[in-house]
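Colleague: One structure, as structure tokens, below. Some questions next.
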Amino acid sequence: MTSIRIAIIGAGMAGLKAASTLHNAGMNVCVFEKSRGLGGRLASRRTEFGHFNHGAQYVTARHPGFAAYLEQATAFNAAQSWKPNLHHGGTEIAQSHGNLALDQWYQGAPQMNKLIRPLVEPFSVLKQHRITRIEQLDRRSFALHDDLEGVFGPFDGVIVTAPAPQTAELLRPMSPRFDPIGDVVMAPCWAVMAAFEQPLPTAFDAIIHQSPAISWAARSSQSSDLFHRRCPDPWVLHATPRWSRDHLEEDKDRIIEKMLAALRDISGVKLPELHSVDAHRWRFARTETPLGASHLNGMNGRVIAAGDWCLGARVEAAWRSGQSAAHAMIETLFG
Ligand SMILES: Cc1cc2nc3c(=O)[nH]c(=O)nc-3n(C[C@H](O)[C@H](O)[C@H](O)COP(=O)(O)OP(=O)(O)OC[C@H]3O[C@@H](n4cnc5c(N)ncnc54)[C@H](O)[C@@H]3O)c2cc1C
């Protein structure tokens with residue numbers, strides 16, 4: 001182990017991939033995460049009858065490195081393949097979800113946020129620490145400030161993996177090299193988590209759609225056996241980016257009402273009584289315009305921005321960006 005200390009901001013797939021790569025290279029790594037849990041948008045909410053995966057729904061691998069990661073996660077019981085009975089619309093919709101026929105879909109096991117488990121090494125992770133400022137102490141070292149007036153450091157390098165607008169807030173005041181983050185566009189997404197008293201009487205477990213409101217609805221449990229469905233029956237609904245933008249500041253109850261009405265319309269079935277329902281607003285859900293490079297660095301290569309938004313809108317993009325940010329940091333320090 002070297003005496004080099006690196007801070008990582010964000011414990012989603014990008015941050016944890018960067019942290020684990022640097023830890024394995026012998027560095028002292030400390031991860032700062034503003035939430036109570038790990039995984040970021042690989043998100044699961046626990047309820048009395050199971051979990052809702054209300055962020056990313058499934059992952060696919062096109063890059064051999066990420067395919068190997070999914071194999072490792074499966075061997076670790078942190079991932080499982082998912083083959084829902086899928087109903088979808090026209091070609092345009094199918095294309096936006098990749099090659100539906102050929103892609104193998106995976107989910108975290110037993111729930112989505114567990115997909116990061118193989119990356120959680122014995123490095124420190126400080127949860128509920130929202131970093132508000134990165135201070136440059138001298139040419140080679142930095143301190144982090146959190147929202148509770150805590151100060152941490154010194155660190156020899158910092159990798160920021162928050163969604164683009166939040167990364168821009170931290171990094172653009174430090175150097176104009178980070179200005180291109182301002183060109184990245186991320187779309188919001190309203191998610192509704194509805195548990196029905198009785199199984200929703202559809203033949204499908206997931207539907208891809210482009211109704212004005214709903215882009216995706218899926219049963220948030222792995223059972224696809226028509227006769228052995230769980231009660232309550234948990235479903236996650238995602239709104240389209242456009243609809244989410246148009247209704248961004250609307251009251252949760254109104255969002256729930258409108259999205260359930262849209263589910264009734266697209267599924268063509270009478271919805272059973274609700275056991276419970278809630279909604280979550282993702283302000284920065286999916287990348288619409290990526291940076292177009294795997295990471296961005298400044299401050300002599302010692303401060304690096306990374307995250308899915310560098311390369312795309314998928315978990316795989318986050319993994320690749322985190323890995324590339326870690327390699328760039330190693331190159332700066334030892335290259
Ligand atoms: C509704 C929805 C559906 C999706 N569906 C899919 C899908 O089906 N398939 C797919 O591949 N991808 C999907 N995605 C995208 C996927 O979830 C992301 O690409 C991926 O999880 C991003 O990982 P990340 O590490 O780059 O960012 P994040 O997961 O956002 O991690 C960033 C972390 O930084 C933390 N953070 C932010 N600011 C600070 C701060 N100041 N201090 C400390 N911590 C901070 C956040 O709390 C968060 O934990 C979906 C996303 C959403 C929201």
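Colleague: Taking the range 1-22 as the search range and keeping residues that are farther than 13 Å from residue 323 by Cβ and open to solvent by 20 Å² or more (accessible area, probe 1.4 Å), which one is nearest to the ligand (Cβ to nearest atom)?
Modeller: 5
Colleague: Mind checking which residues of the range 153-182 are of a type in the set (A, V, I, L, M, F, W, C) and open to solvent by 50 Å² or more (accessible area, probe 1.4 Å)?
Modeller: Those that are of a type in the set (A, V, I, L, M, F, W, C) and open to solvent by 50 Å² or more (accessible area, probe 1.4 Å): none in the range 153-182.
Colleague: Anything in the range 123-133 that is within 12 Å of the ligand (Cβ to nearest atom) and out of contact with any His (no Cβ under 8 Å at 6 or more places or on another chain)? List them, or say none.
Modeller: Within the range 123-133, 125, 126, 127, 128, 129, 130 meet the criteria.
Colleague: Which residue pairs have Cβ atoms closer than 7 Å, lie 6 or more positions apart in sequence or on different chains, and pair a first residue in the range 113-131 that is in contact (Cβ under 8 Å) with a residue 24 or more places away in the chain with a second residue that is open to solvent by 60 Å² or more (accessible area, probe 1.4 Å) and in a helix (DSSP H, G or I)?
Modeller: Taking only residues 6 or more apart or on different chains, the pairs are 118/72.
Colleague: Could you look through the range 285-323, keep only residues that are farther than 30 Å from residue 139 by Cβ and surrounded by fewer than 20 Cβ atoms within 10 Å (Cβ to Cβ), and pick out the one that is nearest to the ligand (Cβ to nearest atom)?
Modeller: 313
Colleague: Then there's this: When residues of the range 136-186 are filtered for being within 11 Å of the ligand (Cβ to nearest atom), among the β-branched types (Val, Ile, Thr) and assigned to a helix (DSSP H, G or I), how many remain?
Modeller: Adding up the residues that qualify gives 1.
Colleague: Scan the range 264-274 for residues that are modelled with pLDDT of 95 or more and surrounded by 14 or more Cβ atoms within 10 Å (Cβ to Cβ) and jot them down.
Modeller: Residues satisfying the conditions are 271, 272.
The values are calculated or read from the model by the stated rules, or taken from the named source; none is laboratory data. Worth saying up front: this structure is predicted, and the values here are computed from it rather than measured. Glycine also receives a Cβ, built like all others from the backbone with ideal geometry; neighbour counts cover every protein chain displayed. Side chains included, ligands, DNA and RNA excluded: accessible areas come from the protein's heavy atoms. Shrake-Rupley method; radii C 1.70, N 1.55, O 1.52, S 1.80 Å.
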